[in-house]
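Let me begin by presenting the structure, written as structure tokens, before commenting on it.
The values are calculated or read from the model by the stated rules, or taken from the named source; none is laboratory data. Predicted model only: the values in this text are computed from it and were never measured. Cβ placement follows ideal geometry from the backbone for every residue including glycine, while neighbour counts extend to all protein chains displayed. Quick note on the areas: whole protein, heavy atoms, side chains included, nothing else; ligands and nucleic acids left out. Shrake-Rupley method; radii C 1.70, N 1.55, O 1.52, S 1.80 Å.
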Amino acid sequence: MALTHSSAIKRYSYRLPDSELEKKLPRIPSQPISALDAYKLLSELDGEKVDESWQGGFNFTFRFGPKLRNRRQVKMNVKNELKYAKVHNVCGKIKGKIEPDRFIIIGNHRDAWVYGGSDPQSGSAIVQELARLYGKLYRKGWHPRRSILFCSWDGEEYGLVGSYEWVEVRIFYLTKQFYEFNLYKASVDNFKWLSSNAVAYINLDSGVSGNETVLLQTVPLMQNVFTEATTKYNGLYVPDPRNSKKTINDTWGAKYGRKRIIKIGAGSDFVPFIANVGVPSYFARYCYFGDEWNKRVTPLYHSRYETYRLSKMIDPKVKFKKAMAQIQAEVIRDLSDSVIIPFKLDDYIQELTHAVNRLVNNGLIFTNETDMKKES
């Protein structure tokens, strides 16, 4: 966990004293267990029956507890080590030719719970391929209008540490005078720099965690940018992994009657960008079709079975990773090279209107004084 509040951790940074740290650390012990162990423990719970909606999938009646039958007890040994550890972010930049101070940021973490076959390495493979592709174009003489930044974050599974620290860290804009006169031009917070100079952040965590449909978690501004990259333009398009004669937009959600597009929330490295500095962001990936989070990803997610072999089972011919990489490549080109940034404000207006209408319909806000008097 981070020991400094709203500022980057450096060797010389002030850190929370142990007395304050103890207040922030969780006091309830936590230990991952297998389904078999969970079955044994839950089946031994005593007490009242749970509500029908709480009844789980095991073949016994779930109870509240808190005690076990026949006064049985469970002894749990938890060994946690509290220590300081370094995290390492790796970033590479392609400098823009006309607006070099404006940035398109592409990022994913590389640390994993265990082996990370899907989370994060299916996304890391896409980031590396994109960096290779754009690096090749740059060496051949192509220069984007705006700068492109490829980032590999560390420490995501520990609480988005790498990306948060990068957003918070102090950076120095050095000039030639620095080397000649030992002066620096300016020192500014990444907060301020990002809020004014970052055009968009693209998150590529778990690029392929299933093979049924595309899931887009986005702010309204970015929705059109992504969907346009899945359609046909001048006869060119990204082919659907299952049917090369159709675009991804043609098949996106067609089987289920709707596209999977939801509001961006939390849970990955886009959080500090959108929540702290307000950079428009999206998180897109191939997954399974499901309205609930645990039905979208592989059931082996974050387990020791989430290996490269699992990644090959989901995407044996690497068609889904290829398709996602091609979509992201077009999005990056559009954002970095278009004269006018391709945000669609209409989508934002429409989403805000729907949000207000939902609040009005649920009686949470009032549209005029008459409604207020009725409520009072």
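Numbers for the structure displayed
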{"item": "Long-range HN-HN contacts of Arg102 with modeled amide H, under 5 Å", "result": "Ser147"}
{"item": "In Å², nearest 10: area of Leu160 left accessible to a 1.4 Å probe", "result": "20 Å²"}
{"item": "Over 40 Å [Cα-Cα, the chain], rounded percent", "result": "28 percent"}
{"item": "Gaussian network model of the chain, Cα within-10 Å springs - most flexible of His88, His109, His302", "result": "His88"}
{"item": "Vicinal HN-Hα couplings computed from phi for segment 201-207 (Karplus, 6.51 cos²θ - 1.76 cosθ + 1.60; Hz; Gly/Pro x)", "result": "10, 10, 9, 10, 5, 6, x"}
{"item": "Length gained when the stretch Lys40-Leu300 is fully extended (0.36 nm per residue, less Cα-Cα span)", "result": "91.5 nm"}
{"item": "Note, ³J(HN,Hα) from phi for segment 60-76, Karplus 6.51, -1.76, 1.60, rounded to Hz, x at Gly and Pro", "result": "8, 7, 7, 10, 6, x, x, 8, 9, 5, 6, 6, 6, 10, 10, 9, 10"}
{"item": "Over the chain: helical MRE at 222 nm, DSSP H runs n ≥ 4 each giving -39500 (n - 2.57), nearest 500", "result": "-9500 deg cm²/dmol"}
{"item": "Vicinal HN-Hα couplings computed from phi for segment 101-115 (Karplus, 6.51 cos²θ - 1.76 cosθ + 1.60; Hz; Gly/Pro x)", "result": "8, 9, 10, 9, 10, 10, x, 7, 8, 10, 7, 9, 5, 10, 9"}
{"item": "Given charges at beta-carbon only (K, R positive; D, E negative), |dipole| of the chain in Debye", "result": "1120 debye"}
{"item": "Modelled FRET efficiency - R0 56 Å, Glu351 with Arg71, Cβ distances, 0.05 increments", "result": "0.50"}
{"item": "Share, in percent, of DSSP beta bridges within the chain that are antiparallel, nearest 5", "result": "50 percent"}
{"item": "Share of carbon and sulfur in the accessible heavy-atom surface of segment 204-255 [1.4 Å probe, %]", "result": "44 percent"}
